[in-house]
Amino acid sequence: MTLQNRRIPCATRVVLTTSAAMWLAACATSAPLDKTPAQAKPTETAAAPARSPKPTYGSFGVDTAGMDTSVAPGDNFYRFVNGTWHDKVEIPADRSSYGMFTTLAEEASRRTRALIEQSASANAPEGSEVRKLGDLFASFMDEAAIEAKGMAPLAPELGRIAAITNRKELAAALGDTLRADVDPLNTGHVNTDRLLGLWVSEDLNEPSRYAAYLLQGGLGLPDRDYYLVDNERFTEVRQKYQQHIATLLRLAGITDPEARAKRILELERDIARVHWTQVDTRDVLKANNPWPREELTRRAPGLDWDTYLGAAGLGQQREFIVWQPSAVTGIAKLVGGAPLQTWKDYLTFHAIERAAPFLPKAFVEENFAFNGRVLSGAQQLRERWKRGVDVTGGAMGEAIGKLYVEKYFPPEAKAEADKMVRNIIAAFDRRIDSLAWMSPETKKRAKEKLATLQVGIGHPARWRDYSELEIVRGDAYGNTERASRFEYQRNLRKLGKPVDRSEWFMVPQLVNALNSPQQNSIIFPAAILQPPFFDAHADPAVNYGGIGSVIGHEIVHSFDDVGAQFDARGKLENWWTQEDAAKFKAAGQALVAQYNAYRPLPDVSVNGELTLGENIADVAGLAIAHDAYRLSLGGQPAPVLDGFSGEQRFFLGFGQVWRNKYREPTLRRLLLTDGHSPGEYRASTVRNQDAWYEAFGAKPGQTLYLTPEQRVRVW
Ligand SMILES: [Zn+2]
């Protein structure tokens, strides 16, 4: 699971159960976590160490000008750290949200553009990666050529769809669209607008081999609720979606667009009815359904599976793991039952929509008008070069990553980050020892898992090979289509081969981090190893609060409600004693209740169940980073800087990372589909840390105050 998400249910509210309350009471009596010296108090007068040159943010690594010290930290820690920034900053017109991650992502984008343009001007030999990068970008930027071609690049595909005369041909066309575009455990992407999504990854039951996972798909809107919930917002989105479908069909010269659009939306609504919720989709035990090939035909009739899988290049695959069986069954039934013409219209529309960013301006603008403005709330289309950077990165991410790392990720940064990761793993190891509630048996297994955790920093050890990818200068749509097939083939090739435990699921230029429960690995791309997360010139307290808590977060994913179900080898296996598992679950339920109580919009709460894994990772990751910070002081008091103690700066460094503003449609979408809570509530998890109360004097009666018994201590 990731640190934050770009794309990713409504569930019942969970109240604190009696057993949870009992567990919390027991937990509160556990031994103190560390025996390191008392933290520095603001009254200390030790001189600040020489820090030169200056950190990027403020005088010690925190943007103190962005704070709002008129707010009591105990009432709203997010605003205390970020209030002035939050009030002053406007979300750029081309953005649907804005914060620390986006600031850095924009910077990474500018750097990437420069790298690509250097590639384009390097006169690199035909077929070289650098040449391909340059050609890919240049093709997308050549708007005149794209206008001149009109619909021509898409004509062959639309022609094939129009020629479909029966269900067998329909199955072949649907199979041809299958891509490896979902990944429920690593990146957390579980939505695809193609009929189904394929994921090739370690077998949940035998991690030494790859399995082919099939996930539900077929929706153009972000989640089933958009189709099925009858509130004002979703009713409006549905109307606009129908108009959007009609507009794209009309632009493509398809007759009778209005009637077709209505039928397409109805078909998608039928698909939505059989879809699993996001919360159910997160449940890996429900998802572990190995079906021999024949079971698909037997249990999911309606789709001609032989033809579908054959067209998808999966004709030889003897077994699948079906993530949401009833959804796959329901979707297959619709393929056999809904009118053939509606399916053809559906395929036509989605082919046009996927191609829209690479077609003439009218398509680009309509695509933005719906997917940007209506669904995300952005006001303005992003500049073409930014989209070009994304397109190029989407097609050849690791080729850019290689250049990015050479230029922006010196070996010293890798060494520093590596040292910090080791410190934080060591702090977690000590923390496991001190857990009063966990039995020695479970501790032994947890420590064994921690000891085998694989760490990737900056970039993968081995780069992806793009030599088979054909890039044609001047063929913007063709390039993206070939890149998507290339990526699909790369995934198909894994089937039957030994598992590559060193594969990365993120590119180095991405501002994010990731845990792979099946690899038992954590990954920190180069782009996140920079200010404000990590700044070699900043105060160590701020670095521990920033990148330290990020590292802690990713480590803990191996031990969150999902990760804890995997053993050290990455096998889905219960290694917990029954009693320990029950206590762990109860603590999780307390966290579910804590987050369910947050209400970012008047009519929508945070979904505590959907965000549980991330919230566990946040709360425990912060605790571990804090342990590691104290250990790093080696028994010496931290200096006071600008009036802030080391302890305070640690939490300021943490709170600053989560500054973020959202446009309403995006916030609504994320609350429904994202496994991560909004930034404000991620910052608020400080309320579960005893040290935060000591550092800021939060007291009873203040909004964030929790009694020691109410504070959630998962690890
Ligand atoms: Zn995460």
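Residue count for the stretch 422-469, restricted to those that are in a loop (DSSP other than H, G, I, E, B), more than 29 Å from the chain's Cα centre (by Cα) and of a type outside the set (A, V, I, L, M): 2. Taking (1) over 16 Å from the mean Cα position of the chain (by Cα); (2) within 16 Å of the ligand (Cβ to nearest atom) in turn, residue 581 satisfies each apart from (2).
One residue is enough: does the stretch 533-553 have a residue meeting the conditions part of a loop (DSSP other than H, G, I, E, B), acidic (Asp, Glu) and buried (at least 22 other Cβ atoms within 10 Å of the Cβ)? Yes: the stretch 533-553 contains one or more residues that are part of a loop (DSSP other than H, G, I, E, B), acidic (Asp, Glu) and buried (at least 22 other Cβ atoms within 10 Å of the Cβ).
Criterion first (touching a strand residue (DSSP E or B) at 6+ places or on another chain (Cβ under 9 Å) and not in a loop (DSSP other than H, G, I, E, B)) does residue 414 satisfy it?
Numbers: touching a strand residue (DSSP E or B) at 6+ places or on another chain (Cβ under 9 Å): yes; not in a loop (DSSP other than H, G, I, E, B): yes.
Taking the combined requirement at face value, the residue satisfies it.
Are there any pairs, at least 6 apart or on different chains, whose C-beta atoms fall under 7 Å, with the first in the stretch 263-276 and closer than 8 Å to residue 219 by Cα and the second assigned to a helix (DSSP H, G or I), and if so, which? Going by the 7 Å Cβ cut-off, the qualifying pairs are 268/227; 271/331; 271/334; 272/227; 272/228. Return the residue satisfying two criteria in turn: it lies in the stretch 673-715 and is among the aliphatic types (A, V, I, L, M) and closer than 22 Å to residue 100 by Cα, and of such residues it is farthest from the ligand (Cβ to nearest atom). Once the filter is applied, the top-ranked residue is 686. A residue that is within 24 Å of residue 344 (Cβ to Cβ) and surrounded by fewer than 18 Cβ atoms within 10 Å (Cβ to Cβ) can be found somewhere in the stretch 285-297.
Looking at 461, 413, 476, just one residue is more than 30 Å from residue 314 (Cβ to Cβ) and more than 16 Å from the ligand (Cβ to nearest atom), and that residue is 413. Counting only residues that are in a helix (DSSP H, G or I), hydroxyl-bearing (Ser, Thr, Tyr) and surrounded by fewer than 24 Cβ atoms within 10 Å (Cβ to Cβ), the stretch 629-651 holds 1 of them. Taking the stretch 573-606 as the range and being closer than 17 Å to residue 283 by Cα, touching an Asp or Glu at 6+ places or on another chain (Cβ under 9 Å) and surrounded by 18 or more Cβ atoms within 10 Å (Cβ to Cβ) as the test, the residues that pass are 584, 588, 592.
Identify the residue in the stretch 449-489 that is acidic (Asp, Glu) and closer than 30 Å to residue 530 by Cα and, among all such residues, is surrounded by the fewest Cβ atoms within 10 Å (Cβ to Cβ). Reasoning before the result, please.
Here is the first cut: in the stretch 449-489, the ones acidic (Asp, Glu) are 465, 468, 470, 475, 481, 487.
Subset that is closer than 30 Å to residue 530 by Cα: 465, 487.
Numbers: 465: 11, 487: 19.
Result: 465.
Across the stretch 360-385, the qualifying residues are those that are within 11 Å of residue 95 (Cα to Cα) and in a helix (DSSP H, G or I), and the one among them that is nearest to the chain's Cα centre (by Cα) is 376.
Among the residues of the stretch 584-623, those that are in a loop (DSSP other than H, G, I, E, B) and either out of contact with any Pro (no Cβ under 9 Å at 6 or more places or on another chain) or within 14 Å of the ligand (Cβ to nearest atom) (or both) comprise 597, 599, 602, 603, 605, 608, 610, 611.
Answer with yes or no whether residue 22 is at pLDDT below 95, exposed (fewer than 15 other Cβ atoms within 10 Å of the Cβ) and either away from the ligand (no atom under 16 Å from the Cβ) or aliphatic (A, V, I, L, M) (or both). Taking the combined requirement at face value, the residue satisfies it. Among the residues of the stretch 286-298, the one identified as within 15 Å of residue 216 (Cα to Cα) and charged (D, E, K, R) is 286. Within the span defined as the stretch 222-241, every residue fails to be part of a loop (DSSP other than H, G, I, E, B), on the phi > 0 side of the Ramachandran plot and touching a His at 6+ places or on another chain (Cβ under 9 Å). I'd like to check something: does the stretch 556-563 contain any residue that is within 16 Å of the ligand (Cβ to nearest atom), surrounded by 23 or more Cβ atoms within 10 Å (Cβ to Cβ) and closer than 19 Å to residue 686 by Cβ? Looking through the stretch 556-563, at least one residue is within 16 Å of the ligand (Cβ to nearest atom), surrounded by 23 or more Cβ atoms within 10 Å (Cβ to Cβ) and closer than 19 Å to residue 686 by Cβ.
When residue 660 is tested against (1) in contact with a helix residue (DSSP H, G or I) (Cβ under 6 Å, 6 or more places away or on another chain); (2) more than 16 Å from the ligand (Cβ to nearest atom); (3) under 22 Å from residue 83 (Cβ atoms), only condition (2) is not met.
Which residues, counting only those in the stretch 663-672, are among the hydrophobic types (A, V, I, L, M, F, W, C) and away from the ligand (no atom under 16 Å from the Cβ)?
If the condition is that a residue be among the hydrophobic types (A, V, I, L, M, F, W, C) and away from the ligand (no atom under 16 Å from the Cβ), then 667, 671, 672 are the ones that fit.
Do we find a residue being more than 17 Å from residue 442 (Cα to Cα) and either touching a strand residue (DSSP E or B) at 6+ places or on another chain (Cβ under 9 Å) or within 16 Å of the ligand (Cβ to nearest atom) (or both) anywhere in the stretch 624-631? Yes, some residue in the stretch 624-631 is more than 17 Å from residue 442 (Cα to Cα) and either touching a strand residue (DSSP E or B) at 6+ places or on another chain (Cβ under 9 Å) or within 16 Å of the ligand (Cβ to nearest atom) (or both). Residue pairs whose Cβ atoms lie under 8 Å apart, separated by 6 or more positions or on different chains, with the first residue in the stretch 555-582 and farther than 23 Å from residue 279 by Cβ and the second within 16 Å of the ligand (Cβ to nearest atom) and assigned to a loop (DSSP other than H, G, I, E, B), are 555/453; 568/520; 569/520; 570/517; 570/518; 570/519; 570/520. Reported count of residues in the stretch 55-89, each being surrounded by fewer than 21 Cβ atoms within 10 Å (Cβ to Cβ) and under 24 Å from the mean Cα position of the chain (by Cα), is 1.
Among the residues of the stretch 523-532, is there at least one that is over 25 Å from the mean Cα position of the chain (by Cα), part of a loop (DSSP other than H, G, I, E, B) and away from the ligand (no atom under 16 Å from the Cβ)? Among the residues of the stretch 523-532, not one is over 25 Å from the mean Cα position of the chain (by Cα), part of a loop (DSSP other than H, G, I, E, B) and away from the ligand (no atom under 16 Å from the Cβ), which makes the answer no. Sub-6 Å Cβ pairs linking a first residue in the stretch 474-488 that is on the phi > 0 side of the Ramachandran plot to a second residue that is crowded, with 17+ Cβ neighbours inside 10 Å, at least 6 apart or interchain, are 474/139, ordered by first then second residue.
The single condition among (1) away from the ligand (no atom under 16 Å from the Cβ); (2) buried (at least 24 other Cβ atoms within 10 Å of the Cβ); (3) within 21 Å of residue 1 (Cβ to Cβ); (4) of a type in the set (S, T, N, Q) that residue 515 does not satisfy is (1).
The values are calculated or read from the model by the stated rules, or taken from the named source; none is laboratory data. Predicted model only: the values in this text are computed from it and were never measured. FYI the Cβ positions are ideal-geometry reconstructions off the backbone, even for glycines, and counts take in every protein chain you see.
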